[in-house]
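One structure below.
The values are calculated or read from the model by the stated rules, or taken from the named source; none is laboratory data. Computed from a predicted model, the values in this text were never measured in an experiment. Every residue, glycine as well, gets a Cβ built from its backbone with ideal geometry; the counts of neighbours run over all protein chains shown. We work out accessible area using only protein heavy atoms, side chains counted, and drop any ligands, DNA or RNA first. Shrake-Rupley method; radii C 1.70, N 1.55, O 1.52, S 1.80 Å.
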Amino acid sequence: MALLALASAVLSALLALAVFRVPAWACLLCFTTYSERLRICQMFVGMRGPKLEECEEAFTAAFRGLSDTEINYDERSHLHDAFTQMTHALQELAAAQGSFEVAFPDAAEKMKKVITQLKEAQACFPPCGLQEFARRFLCSGCYSRVCDLPLDCPVQDVTVIRGDQAMFSCIVNFPLPKEEITYSWKFAGGGLRTQDLSYFRDMPRAEGYLARIRPAQLTHRGTFSCVIKQDQRPLARLYFFLNVTGPPPRAETELQASFREVLRWAPRDAELIKPWRPSLGELLVRPEALTPSNLFLLAALGALASASATVLAWIFFRWYCSGD
């Protein structure tokens, strides 16, 4: 069945080209069917005969000026309705015994006026992006197209001083659809200025059309990319190359200088630092000096003093008794 339908469609297309002998897919062929056009001619001149072919050729010739027409894509339904009304009007003229030599050129002129009243196809805004608002319908092939622009926008250079804020705005110069617009950010580090997607990694915490880096550090040098999507379909990719230059802020410099002084001081003065050995007076005056080891030392000194006093008293007593 599928092959039969395909063969029938191909045969109908070849028949239309053979009968109408015009550039393929003019507006008349886009918005009317072959059976509708044949039916109109049959109503004008009858079911068969040489007049039927003449009618068909006159029908096509009258609308030949619309073969290269381009319209705003959103207006195609209006143009389809206009052609539907035209076929009904031609059928009424044929039923009233009108002449196709007069009816067809008159209908073509009315369709030209209708087309001029349609909303024009808008121009694209270079240099990049899938710009749906500028999509147009071409009668020369019965198809639509958008501007032939790349999806990747040129890289924008952003330079900030180390420690300052870097800000990127994911904004394009053409209208975006109003629904289901999302923004995703990626980053290619290492100072790369690139548009090669293989170097980028996702930044899941970055959301919305605005991104900030603060404070900017040397590790942030590289290319940031923003992808604008509508319902998961990319509309544009913007690139920002961030170059971080200059010294850090003054406050950071002073803090780093103080830290370096501490690092330089520690190794040199560590050799001069000696353990604290308090004197007996310091042990008695400063309670924080009475550590367990110092208490043990005091007890030992007290015992030694007591033993010495006992020995001296015993020697004195022996001496005194020996004199008697």
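At-a-glance table
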read-out: Accessible area, probe 1.4 Å, largest first, for residues SER322, SER306, SER184; value: SER322, SER306, SER184
read-out: FRET efficiency, 1/(1 + (r/R0)^6) with R0 25 Å, evaluated for ASP157 and ALA123 via beta carbons; value: 0.35
read-out: Solvent-accessible surface (1.4 angstrom probe) belonging to THR116, in square angstrom, nearest 10; value: 110 Å²
read-out: Ellipsoid semi-axes in whole angstrom, largest first, where each is sqrt(5λ) of the Cα gyration tensor of the range 22-150; value: 33, 14, 11
read-out: Residues whose placed amide H lies under 5 Å from that of GLN156, excluding near-sequence neighbours; value: TYR239, PHE240, PHE241
read-out: Two-site label geometry, LYS113 and MET47: point separation in nm, points 7 Å out along Cα→Cβ; value: 3.7 nm
read-out: Solvent-accessible surface (1.4 angstrom probe) belonging to HIS88, in square angstrom, nearest 10; value: 100 Å²
read-out: Principal axis dimensions, largest first and in whole angstrom, of the range 152-245 by Cα; value: 39, 25, 24
